[in-house]
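Everything below concerns the one structure shown next.
The values are calculated or read from the model by the stated rules, or taken from the named source; none is laboratory data. Since we're looking at a predicted model, the values are computed, not measured. Ideal geometry is used to build each Cβ from the backbone, glycine not excepted, and the neighbour counts take in all protein chains shown.
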């Protein structure tokens, strides 16, 4: 198999737009944003905060007991009391272990509960976004933020990065103890600190750059994989496997190379911190050896050197581990920034409305009992960006009637439906449901009353019953198996389910893979029937049918529409011949309206569409 070589110039070119700018690598503002998910579990945070100084105290008391054992017992050959010091030392070790266990348990439990809340918040936030949000936000980017980014923050708790503060407290405590023991040896030890600070700053900057690039490349990888797996049939049919693998190799290599900067900085910092620690110990040993002969108490000096070496080791261990913890922190900060950015996305405000209601367009007059139109589009305008799609569209759907909308691709048919369901907000004019502007209705209330059945029936993993019962859940109630079975029978799906021994419990499969296109459409009809909406919208709902299911589809559509206010969007003109009214759109405007026979007799745009349809059918 041969294929053209991959074309992207660099892996970064595949990164989704907007991923390259991540802001500061560490920001207290971000931590405050994260705190709102930690705050409900403040008791765990308090337990950890109380245990941290206790653990430090148990640890730092241990070298002092070693000094006492050397000076007062081992060096002078006096074993009396040495056993007691040994037991005290073991007690401190056990207490430190128990305190450290409880501290880490509290921290990690705090992290898991906080991440649970954060995942729910992000999922709820994304589910609440409208179509325009998903137009500009690729699914791969969303998946990265909802999975990898949250795991990066979770790692911040799991890797003990929260104990960075404890490490700082411990280092300050060690410095204080060392000063109290011998200020000259302490100052000599800390002569290495300027070199240490230069090293830490260099590693910090390198890791900051690395982790920003890593997040960008990871988002690019997720977006690429998601895109090609969803389109796997096209990839295989057009023999794009090798080309896709080549492109993925470039992106993957960019992700790998981004890590190399962090790996080099981490390795360099670990090795040099270890060397600086050894240098500090050597300085202390040299100073002590220089004055050892002149010291009045040689034993005390030896004990002091031993305890200093212990404290120097304990001082440099947190610094040595800082590189690993800082790497995790950088990843967590980059992830937090992206998540905060996602949670900050708001729906665009609806365009301002006039102070007084605009005069209605010519339509069937309202009666004293209320509006006769279930739905009215009144001079509706809309544009995707700078491209106008609807230009002052006005049409009415009388209660209990069926109105069909037809037109060429791009004429604005489906856009009307998206505006009715408030997936987008109108750019001008208004849409009324029972005389009320849809912008004055709660979105949940609007979508309870309006059900849209589209050409791509979205089914979820689970059983047939689970998918059909969703219709009742959307209406704020539950559906019994008997009610679902009646809906299945009414749309003719029972004849197809009879072939499956599981019946209503038959598995649907991933995205409905266990069913044909026609069967999936019938499932969508049955789901809408269970929901029993006031207003039914069929958006190209009969576009993808196989010959075996076509008769069932037409029968199911008729059953679904019976006695219901229906708005039909269709390319298959055969499905709308009996509509009460047909509205023809052309370039975002209403070009014609009337019944099928009236429009055919008129010989206009609808008649041309009709002739085109018949030629295509034959």
Boolean, residue 422 is at positive phi, within 28 Å of the chain's Cα centre (by Cα) and not assigned by TED's automatic domain parsing to the domain that holds residue 134:
yes
Return yes or no: is residue 579 within 30 Å of residue 444 (Cβ to Cβ), modelled with pLDDT of 80 or more, in a helix (DSSP H, G or I) and in the same structural domain as residue 398 (by TED's automatic domain parsing)?
no
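For every residue, the table says whether it meets (1) modelled with pLDDT of 80 or more; (2) more than 15 Å from residue 522 (Cβ to Cβ); (3) assigned to a strand (DSSP E or B); (4) within 32 Å of the chain's Cα centre (by Cα).
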site	(1), (2), (3), (4)
439	yes, yes, no, yes
469	yes, yes, no, yes
473	no, yes, no, yes
486	yes, no, no, no
489	yes, no, no, no
492	no, no, no, no
Hey, among the residues in the range 1-54 that are farther than 30 Å from residue 241 by Cβ, in contact with a helix residue (DSSP H, G or I) (Cβ under 8 Å, 6 or more places away or on another chain) and not in a helix (DSSP H, G or I), which one's modelled with the highest pLDDT?
27
Tell me, which residue of the range 446-467 that is in contact with a strand residue (DSSP E or B) (Cβ under 7 Å, 6 or more places away or on another chain) and not in a helix (DSSP H, G or I) is surrounded by the fewest Cβ atoms within 10 Å (Cβ to Cβ)?
463
Could you check the range 497-513 and list, in sequence order, the residues that are more than 28 Å from the chain's Cα centre (by Cα) and free of Cβ contacts under 8 Å to residues at least 24 places away in the same chain?
498, 499, 500, 501
Among residues of the range 209-232 being over 23 Å from residue 331 (Cα atoms), modelled with pLDDT of 80 or more and in a helix (DSSP H, G or I), the residue nearest to the chain's Cα centre (by Cα) is 227
Here are the criteria: (1) surrounded by fewer than 21 Cβ atoms within 10 Å (Cβ to Cβ); (2) closer than 30 Å to residue 207 by Cα; (3) modelled with pLDDT under 80. Tell me which single one residue 295 does not satisfy.
(2)
I need a count of the residues in the range 370-401 that are assigned to a loop (DSSP other than H, G, I, E, B) and within 35 Å of the chain's Cα centre (by Cα).
2
Just a yes or no: is a residue in the range 116-128 more than 30 Å from residue 230 (Cα to Cα) and surrounded by 18 or more Cβ atoms within 10 Å (Cβ to Cβ)?
no
Given the options 89, 134, 101, name the one that is surrounded by 14 or more Cβ atoms within 10 Å (Cβ to Cβ) and part of a helix (DSSP H, G or I).
89
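Residue by residue, here is whether (1) out of contact with any strand residue (DSSP E or B) (no Cβ under 7 Å at 6 or more places or on another chain); (2) modelled with pLDDT of 75 or more; (3) closer than 30 Å to residue 178 by Cα; (4) not assigned by TED's automatic domain parsing to the domain that holds residue 279 holds:
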residue: 313; (1), (2), (3), (4): yes, yes, yes, no
residue: 318; (1), (2), (3), (4): yes, yes, yes, no
residue: 334; (1), (2), (3), (4): yes, yes, no, no
residue: 350; (1), (2), (3), (4): yes, no, no, yes
